[in-house]
Amino acid sequence: MGDGTGRCLQAQTLTTGAGIDAAKCDGSGGQRFWWDKDGAVKLDDGKFDLCLTASTTIRPANKFWARNLKLGSCATTADANKQFTYYPEVGAA
């Protein structure tokens, strides 16, 4: 399993409910996100009305637990499922 180098979050389509992949970074529209001051990660499509959201369902993932990620409406998704915290890597540029 790799460390994700060279990969970016990418929306499968630019619509509500679209899944999220970890595709090779190419700067396409589905890879442009904006970290909002409220903790939401919004799709940078000019409208900023779609957010990265975590499913309410928790599923087993090997010895861990996971939630699926998808695009959801920023206006109707509960804060708990659309707010993320960023912890910068120590020593990163």
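Summary table
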quantity: Distance (nanometres) between label positions extended 7 Å along Cα→Cβ at R59 and T85; calculated: 2.6
quantity: Relative contact order of the chain, defined on C-alpha pairs under 8 angstrom at six or more residues apart (%); calculated: 24
quantity: Candidate lysines - alpha carbon under 24 Å from K47, same-chain residues fewer than 8 apart omitted; calculated: K37, K70, K82
quantity: Convex hull of Cα atoms in the chain, direction-averaged projection (nm²); calculated: 7.3
quantity: Longest segment of the chain lacking chymotrypsin sites (Phe, Trp or Tyr not before Pro) that sit in a DSSP loop with at most 15 other Cβ atoms within 10 Å; calculated: 1-47
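We did not get these values from a lab; they are worked out from the coordinates using the rules stated. Keep in mind that this is a model prediction, so the values were computed, not measured. Virtual Cβ from ideal backbone geometry, glycine too; neighbours counted across all protein chains shown.
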